[in-house]
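The values are calculated or read from the model by the stated rules, or taken from the named source; none is laboratory data. Bear in mind the structure is a predicted one, so any value in this text is a computation, not a measurement. Ideal geometry is used to build each Cβ from the backbone, glycine not excepted, and the neighbour counts take in all protein chains shown. These accessible areas exclude ligands, DNA and RNA; they are computed on the full protein's heavy atoms, side chains included. Shrake-Rupley method; radii C 1.70, N 1.55, O 1.52, S 1.80 Å.
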Amino acid sequence: MIHTIVEMLSYPFMVRAFTVGILVSLCSALLGVSLVLKRYSMIGDGLSHVGFGALAVAAALNAAPLAVAIPVVVVAAVLLLRVSDSSKMKGDAAIALISTSALAVGVMVISMTTGMNTDVYNYMFGSILAMSSEDVEMSVMLSVIVLALYIFFYNKIFAITFDETFAQATGVRANLYNTLIAVLTAVTIVLGMRMMGTLLISSLIIFPALTSMRICKTFRSVILNSAILSVVCFCIGISVSYFFATPAGASVVVVNLAMLAVYTIIGLIKEKRKICR
Amino acid sequence: MALVQCDNISIAYEGQTVVYDLSFEIHQGDYLCIVGENGSGKSTLVKSLIGLKSPSKGKIILNDGLRQNEIGYLPQQNDVQKDFPASVYEVVLSGRLNSRGFRPFYTAGDKKAAKENMQLLGIERLGKNCFRDLSGGQKQRVLLARALCATKKLLLLDEPVTGLDPIVTAEFYQLIKEVNEKSKIAVVMVSHDIESAVRDASHILHLQETALFFGTTEDYRKSPVGRQFIKSGQIQPEAEKTAGGERS
Ligand SMILES: Nc1ncnc2c1ncn2[C@@H]1O[C@H](COP(=O)(O)OP(=O)(O)OP(=O)(O)O)[C@@H](O)[C@H]1O
Ligand SMILES: [Mg+2]
């Protein structure tokens, strides 16, 4: 057992995958709690599609993928937030509109340049080989910034997630922090996108939060539990991907799904006990 | 000097004026009840007082060193979601946030203030409970404790007793009166319960898009508007009493 783990970690690409993956899992779990509670989970999904379009364009231009994708997705995040808050258009419809458009643009660009090849397949479903060593540096730096900002603004994020009106009434600039959450989410999604796959990255945001909420009763415990759960699921998933040569993203999602099932059952048992007492 | 001073303000939603030519003052230690029919602009006025909506005309002036972020507020219906995982203590403590400014973490003083307010409202033993599992009355107490954490000077309550049974309602009014008297916090409460309004409040603002009456409760009882409104409001409490009798 230990031997196989040591062997797995002797490959530089696996070390890279673990480093970036663990950091991204942490970020997405923390942000996910707010997104799920604020009914913004669809934004995560929308952003990943925009990310796909950006990656495709970056590949066509021969530009560095992160350098193109991060600004594009950040702008899209701010835009999506504005749209879903304004009452003119229904939020979910607007998100679907933007995300499918971005996907379509991406597919058009790809088919006119490189054509559908394994790269595209990897964009969609993720690959543990995705991270180059320059990417790792940038990813580590950015995810540490995301984590630091989250911890720094934790109390304010709690307040606007719980009751935006009250927070605003008492002088918290809710719009500012909503935008902050959206921007941090955008960065996190771009960082995790190529490893997890654009179709699956949003699960990293939604699953840990939903799973933790089956059992945990306080915001803090939900946050901590999500963070730990997310990292554990990622590590198991990526190992599965390594041993069985399955796509990284799909493996991680399946592990998350199993965890959700376990937590749901535990939650139900707890409820039952309470009723019996 | 007045804590809050409204000089001839008008408030509008997308060009449609819902409150106009309104002037009144709130002094330290006042207990002001805002009464009026549904849709008369009470909640709108409260939103302006807390700075969520700026008046289309006129100005709301805060004096006596009262700053916008020093006002405690209990919303009409809280849009807090049903399944939100948060402990009572976390919710109450979040009321201290406005005094934090850009400093990120709560101090021991903040935590002490939160505990004291929970004690004041008799919810200190619920601290670790999950907010979503509380009863309606307990939730209102928690939100009142949070509002108290946010202020030392002015508390705004928008129909705080909606959905509470008569016994809990009476307790709640008592609590608010105590807070007002003991801590000298000015209270502004929107209420449909005219009987308790004229019993507890020191001042009444009768709103019908503009002020039909503003002054002390004494004068309100004598005024024609007041007498008529109090009379028409007395049918309702009778019905509530029967409901309360069945319950206990
Ligand atoms: N967000 C809004 N946009 C447009 N008009 C609004 C909005 N909120 C309230 N109004 C209008 O403003 C008027 C006053 O509403 P307000 O909520 O202040 O009444 P209220 O006195 O609090 O009533 P209630 O006793 O039912 O709570 C109403 O005619 C309402 O239709
Ligand atoms: Mg109202």
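Observations on the structure shown:
- One way to sum up the overall shape of the range B:135-219 is the equivalent ellipsoid from its Cα gyration tensor, whose semi-axes run 21, 16, 12 Å, largest first.
- The largest accessible area among B:S56, A:S251 belongs to the first residue in B:S56, A:S251, and the rest follow in falling order (1.4 Å probe, all chains).
- Rounded to whole Hz, the Karplus (6.51, -1.76, 1.60) HN-Hα couplings of the range A:146-159, x for glycine and proline: 4, 4, 4, 4, 4, 5, 4, 9, 3, 5, 6, 5, 4, 4
- Annotation for B:S202 and B:Q5: the two label points, set 7 Å from Cα along the Cα-Cβ direction, are 1.8 nm apart.
- Rounded, prolate or oblate (a/c below 1.5 giving rounded, otherwise prolate when a/b exceeds b/c) for chain B by Cα gyration tensor: oblate
- Other protein chain Cβ atoms within 10 Å, averaged over every residue that makes up B:95-102: 4
- Mean Cα-pair separation over length for chain B, i.e. relative contact order, pairs under 8 Å, 6 or more apart, %: 26 percent
- For residues of A:152-159, the mean tally of beta carbons on other chains within 10 Å: 5
- 10 Å Cβ neighbours from other chains, averaged over peptide A:165-178: 6
- Within the range B:38-54, the residues that become at least 50 Å² less accessible when every protein chain is included than when their own chain is isolated (1.4 Å probe; DNA, RNA and ligands ignored) are B:L52.
- The trypsin sites (Lys or Arg not before Pro) of the range B:133-166 that DSSP puts in a loop, and whose beta carbon has at most 16 other beta carbons within 10 Å, are B:K152.
- Remark: accessible surface ordering of A:F244, A:F13 (largest first) is A:F244, A:F13, probe radius 1.4 Å.
- Spacing of the two label points (7 Å from each Cα toward its C-beta) at B:D64 and A:R82, in nm: 4.2 nm
- For A:G126, the amide hydrogen comes within under 5 Å of the amide hydrogens of A:G197, A:T198, counting only partners 5 or more places away or on other chains and with H modelled in the peptide plane.
- Shown here for the range A:1-85: trypsin sites (Lys or Arg not before Pro) in loop regions (DSSP other than H, G, I, E, B) with at most 14 other Cβ atoms within 10 Å, namely A:R39.
- A probe of 1.4 angstrom, applied to the heavy atoms of all protein chains, finds B:K115 with accessible area near 120 square angstrom.
- Positive end of the dipole of the protein assembly as shown (Cβ unit charges, origin at the Cα centre): among B:F213, A:F207, B:G137, the Cα lying farthest that way belongs to B:G137.
- Amide N of the range A:196-214 lying under 19 Å from the label point, which is placed 7 angstrom from the Cα of A:D92 along Cα→Cβ: A:202-203, A:205-207, A:210
- In this structure, the amide hydrogen of B:Y31, modeled 1.01 Å from its nitrogen in the peptide plane, lies closer than 5 angstrom to those of B:V187, B:S202, B:H203, counting only residues at least 5 positions away or on a different chain.
- Semi-axis lengths, Å, the range A:174-214, gyration tensor of Cα atoms, sqrt of 5 times eigenvalues: 20, 17, 6
- Alpha carbon centroid spacing (whole Å) that separates the range B:104-125 from the range A:179-201: 37 Å
- Cα-based values for the range A:165-277, radius of gyration first and Dmax second, are 17.1, 54 Å.
- Taking 7 Å steps out from each Cα toward its Cβ at A:I269 and A:Y11 produces label points 3.6 nm apart.
- Loop sites in the range B:45-142: chymotrypsin sites (Phe, Trp or Tyr not before Pro), DSSP, at most 14 other Cβ within 10 Å: B:F102, B:F105
- Inverse mean reciprocal Cα-Cα distance (Kirkwood Rh) of the range A:77-166, Å: 17.0 Å
- Length gained when the stretch A:M1-A:S132 is fully extended (0.36 nm per residue, less Cα-Cα span): 44.4 nm
- Computed Kirkwood radius, in angstrom, where 1/r is averaged over Cα pairs of the range A:2-199: 17.6 Å
- Peptides A:183-190, B:181-188, A:17-24 ordered by packing proxy, namely the average of other Cβ atoms within 10 Å per residue, highest first: A:183-190, A:17-24, B:181-188.
- Along the range A:24-38 the Karplus relation, 6.51 cos²θ - 1.76 cosθ + 1.60 evaluated at θ = phi - 60°, assigns HN-Hα couplings of 5, 4, 4, 4, 5, 5, 5, 5, x, 4, 5, 4, 5, 5, 8 Hz to successive residues, with x for each Gly and Pro.
- Kirkwood hydrodynamic radius over Cα pairs of the range B:80-150, then Stokes diffusion coefficient at 10 °C and 1.306 mPa s, in µm²/s: 132 µm²/s
- Electrostatic dipole magnitude of the protein assembly as shown [Cβ: Lys, Arg +1; Asp, Glu -1; Cα centre; debye, to 20]: 940 debye
- Three-way shape label, the range A:1-50, alpha-carbon gyration tensor, a/c 1.5: prolate
- Calculated P(r) tail over 45 Å for the protein assembly as shown, as whole % of Cα pairs: 27 percent
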